[in-house]
Amino acid sequence: MTHRFQCRVYYEDTDLGGIVYYANYLKFIERARSEWVRALGLDQRAMKEGAGTVFAVRRIAAEYLSPARFDDLLDVETEVVSVRPARMTLRQRVLRDGVVLFDAEVELVAIGPEGRPVRLPEALRALAG
């Protein structure tokens, strides 16, 4: 299953040349992950307030393939690569008109209130199916 999230490039996302600043791709994929988790029916605020569970990025490998520019409408795709009890790996791509601009593999870990890994919520573990 591929989750899709659209975002627009605003002036604040760009450098003086109107090209998206490289670190902002990480913001775009973070927003897409948040919306993906919400679409799965998980409430991250309730997870934090209840069990004290949050998600943290453990590792990211990214390729910048082509620049996005001011006012572009981007699609961010999120796909599950693998799921383990306390962590998962996602592939996230940023596209413009079907062309991949940014490609990343992101490993997330569930962290409990003591800052140690804990089991992923069942809705995420079920994706390993």
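The values are calculated or read from the model by the stated rules, or taken from the named source; none is laboratory data. All values derive from a computational prediction rather than experimental measurement. Cβ: placed from backbone, ideal geometry, glycine included. Neighbour counts: every protein chain shown. The protein model used for the area step is the full one, side chains on, heavy atoms only, and it has no ligands, DNA or RNA in it. Shrake-Rupley method; radii C 1.70, N 1.55, O 1.52, S 1.80 Å.
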Listing of helices (runs of 4 or more DSSP H) fully contained in segment 22-129 that carry 3 or more residues being modelled with pLDDT of 95 or more and closer than 20 Å to residue 10 by Cβ: 24-39
Failed item, numbered, when residue 102 is tested on (1) aromatic (Phe, Trp, Tyr); (2) more than 15 Å from residue 32 (Cα to Cα); (3) open to solvent by less than 30 Å² (accessible area, probe 1.4 Å): (2)
Every pair of residues 6+ apart whose Cβ atoms lie under 9 Å, when the first sits in segment 77-92 and is among the hydroxyl-bearing types (Ser, Thr, Tyr) while the second is outside any strand (DSSP E or B) and open to solvent by 30 Å² or more (accessible area, probe 1.4 Å): 78/35; 82/128
Residue within segment 48-63 that is over 22 Å from residue 115 (Cβ atoms) and open to solvent by 60 Å² or more (accessible area, probe 1.4 Å) present: yes
Restricting segment 1-21 to residues that are open to solvent by 100 Å² or more (accessible area, probe 1.4 Å) and part of a helix (DSSP H, G or I), the residue that is nearest to residue 72 (Cα to Cα): 11
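So that you can scan it fast, the table gives a plain yes or no per residue for (1) in contact (Cβ under 8 Å) with a residue 60 or more places away in the chain; (2) of a type in the set (A, V, I, L, M):
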{"residue": "6", "(1), (2)": "yes, no"}
{"residue": "11", "(1), (2)": "no, no"}
{"residue": "39", "(1), (2)": "no, yes"}
{"residue": "48", "(1), (2)": "no, no"}
{"residue": "60", "(1), (2)": "no, yes"}
{"residue": "63", "(1), (2)": "no, no"}
